[in-house]
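A short worksheet on the structure shown next.
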Amino acid sequence: MKDFIFDVSTRILFGRDQMKNLASEIKKYGSRVLLSYGGGSIKRSGLYDEIIKILEENNIFYKELSGIEPNPRVESAREGVKIIRENDLDFILAVGGGSVIDLSKLVAGAVYLDCDPWDIVIKKAKIERALPIGTILTLSATGSEMDRGGVITNPETTQKLGFGSEYTLPKFSILNPELTYTVNAKHTAAGIADIMSHTMENYFTLGDGAYMQNRLAEGILKTCIHYGPIAMKEPENYEARANIMWASSWAINGLLSTGKATGWSVHAMEHELSAFYDITHGIGLAILTPRFLNHILNDDTVDMIRDFGINVFGIKASEDKFNDAKKAIAQLHIFFEDDMNIPMTLGEVGIDDKKLEAMAEAAARHAGGSIRGVVELKKEDVLEIYKASL
């Protein structure tokens with residue numbers, strides 16, 4: 001296991017009755033708030049009115065940045081920076097899922113820089129300070145409520161890229177599982193796939209001796225596999241929603257990757273699907289992951305994939321390691337398709353073969369020439385995985 005420093009200082013307020021702490025948490029950092037959110041769901045659910053009442057009763061000034069997109073656009077970040085500067089705001093309250101939180105992180109850092117926010121994403125500028133951020137989570141998926149990173153889309157350049165900074169870690173996050181009751185079946189399933197993909201990107205590594213991290217990863221995967229179907233059938237099952245929400249936070253906050261070399265592969269490939277076709281991120285991850293595992297299955301990786309099947313899906317070990325590994329991959333595919341009702345081909349989400357080569361080339365280029373994950377993927381490998389996913 002490699003040396004590491006693990007430090008996640010986000011204060012988590014978990015449960016049904018945590019909104020009572022919202023004003024006091026904000027006032028630790030500021031009193032003039034940018035309230036950022038997506039579509040109208042927080043208004044339909046009554047959450048928006050509850051937040052506004054708390055802000056007004058506690059004399060907290062606020063301005064709103066609304067309409068943040070599911071694959072958040074850099075244009076929204078530009079608008080957020082403008083609102084903050086014009087109103088001398090000193091805190092961001094991000095209410096929503098990962099898209100809202102990711103966008104808010106970019107705004108928080110960009111407000112102190114004399115550049116376009118996109119320059120941060122393409123590494124032309126570096127965040128050196130940021131406005132403090134708090135979050136109220138309404139969708140369990142990305143783990144952005146407890147990590148430093150984000151992913152932003154630029155439609156003008158057909159790019160979807162990640163960024164991150166130690167300064168953009170949320171100061172606090174309110175996690176009330178009841179706020180996810182209204183998430184529809186499609187996005188509940190996509191969220192489960194996203195959580196599992198984050199976990200698997202950290203889990204599928206070779207020869208790092210990180211036994212404990214891998215057992216924790218298996219626990220998170222088993223949690224998703226157990227509670228995902230329950231949440232699909234019983235949207236207001238508190239136990240299911242609570243376990244999924246907590247799994248989301250711990251899948252990507254650094255716990256599973258400490259002491260490991262974790263080069264992410266499937267996310268790099270999926271970002272091109274979302275950039276070119278604006279599909280739901282978690283669905284793209286679900287489609288690609290079994291094909292990725294099939295593509296990398298060889299003498300070096302067979303034990304890793306086989307262990308996944310045995311420890312996560314309960315596959316009975318046989319003397320044929322490769323057959324066991326193939327069963328593991330099949331079980332993952334079946335879970336996504338049958339239990340989560342996720343479309344498992346690119347064709348089902350409107351992607352044909354016309355742009356596969358362009359996307360494969362972009363995926364390799366954005367990764368520095370090739371994707372260096374558990375195995376190296378060149379453009380040709382990515383293209384084969386895309387084709388296998390049609």
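The values are calculated or read from the model by the stated rules, or taken from the named source; none is laboratory data. Owing to the predicted nature of the structure, the values given are computational and were not obtained by experimental measurement. Note that each Cβ is placed from the backbone with ideal geometry, even for glycine, and that neighbours are counted across all protein chains shown. Calculation scope for accessible area: heavy atoms of the full protein, side chains included, ligands and nucleic acids excluded. Shrake-Rupley method; radii C 1.70, N 1.55, O 1.52, S 1.80 Å.
Per-atom-type breakdown for the range 303-352 gives carbon and sulfur 44% of the accessible area (1.4 Å probe, protein chains only).
DSSP bridge analysis restricted to the chain gives an antiparallel fraction near 25%, rounded to the nearest 5. Ligands, DNA and RNA excluded, the heavy atoms of Tyr29 present near 90 Å² of accessible surface to a 1.4 Å solvent probe.
Within the assembled protein chains, the solvent-accessible surface assigned to Arg148 is about 80 Å², based on a 1.4 Å probe. For Cα Rg over 2.2 N^0.38 Å, the value computed from the atomic coordinates appears in the list (i) 0.96; (ii) 1.06; (iii) 1.11 under label (i).
Here's the picture: charge each Lys and Arg Cβ at +1 and each Asp and Glu Cβ at -1 in the range 79-233, and of Thr142, Ala217, Pro132 the one pushed furthest to the positive end of that dipole is Ala217.
Ranking Ala367, Leu256, Phe292 by how far each Cα lies toward the positive end of the dipole of the chain (charges on Cβ) leaves Leu256 at the top. Just want the answer: with Cβ charges of +1 for Lys and Arg and -1 for Asp and Glu, which residue in Phe91, Thr301, Asn311 is farthest toward the dipole's positive end in the chain? Farthest along the dipole direction, towards plus: Phe91. Near Leu65, the amide H atoms lying under 5 Å from its own belong to Leu35, Ser36, Tyr37; only residues 5 or more places off or on other chains count, and H is placed 1.01 Å from N.
Per residue of the chain, the DSSP helices (runs of n ≥ 4 H) give a summed -39500 (n - 2.57) that works out to -14500 deg cm²/dmol at 222 nm. In the context of the full set of protein chains, the chain has a per residue accessible area of 42 Å² (1.4 Å probe). In sequence order, the range 164-173 has phi-based couplings of x, 7, 4, 7, 9, 5, x, 6, 8, 9 Hz under the Karplus curve 6.51 cos²θ - 1.76 cosθ + 1.60, θ = phi - 60°, and Gly or Pro positions carry x.
Carbon-plus-sulfur accessible fraction, the range 1-68 (probe radius 1.4 Å, protein heavy atoms only): 43%. Please give the helix 379-388 orientation as an angle from the longest Cα principal axis of the chain, in degrees from 0 to 90, rounded to the nearest 10. With both axes taken from Cα atoms, the answer is about 80 degrees.
How much of the accessible area of the range 176-217, probe 1.4 Å, is carbon plus sulfur, in whole percent?
C and S atoms contribute 60 percent here.
Relative to the longest principal axis of the Cα atoms of the chain, helix 356-366 runs at roughly 70 degrees.
Annotation: extensible slack from Glu380 through Ala317 equals 19.4 nm (criterion: 0.36 nm per residue apart, minus Cα-Cα distance).
Seen from all directions on average, the range 190-327 presents a Cα convex hull projection of 8.8 nm².
Couplings 3J(HN,Hα) for the range 140-151, derived from phi with the Karplus relation 6.51 cos²θ - 1.76 cosθ + 1.60 (θ = phi - 60°), are 8, 6, 8, x, 5, 5, 9, 9, 9, x, x, 10 Hz, where x marks Gly and Pro. Note on the range 1-142: Cα-Cα pairs beyond 19 Å make up 52% of the total pair count.
Of the cross-linked pairs Lys27/Lys123; Lys126/Lys378; Lys222/Lys326, which ones have a Cα-Cα span greater than 24 Å in the structure shown?
Violating the 24 Å Cα-Cα cut-off are Lys27/Lys123; Lys126/Lys378.
If I fit a long axis through the Cα atoms of helix 74-87 and take the longest principal axis of the Cα atoms of the chain, what angle between them do I get, 0 to 90°, rounded to 10? Compared with the principal axis, the helix lies near 20 degrees. Each Lys and Arg Cβ is given +1 and each Asp and Glu Cβ -1; about its Cα centre, the chain then shows a dipole of about 620 debye.
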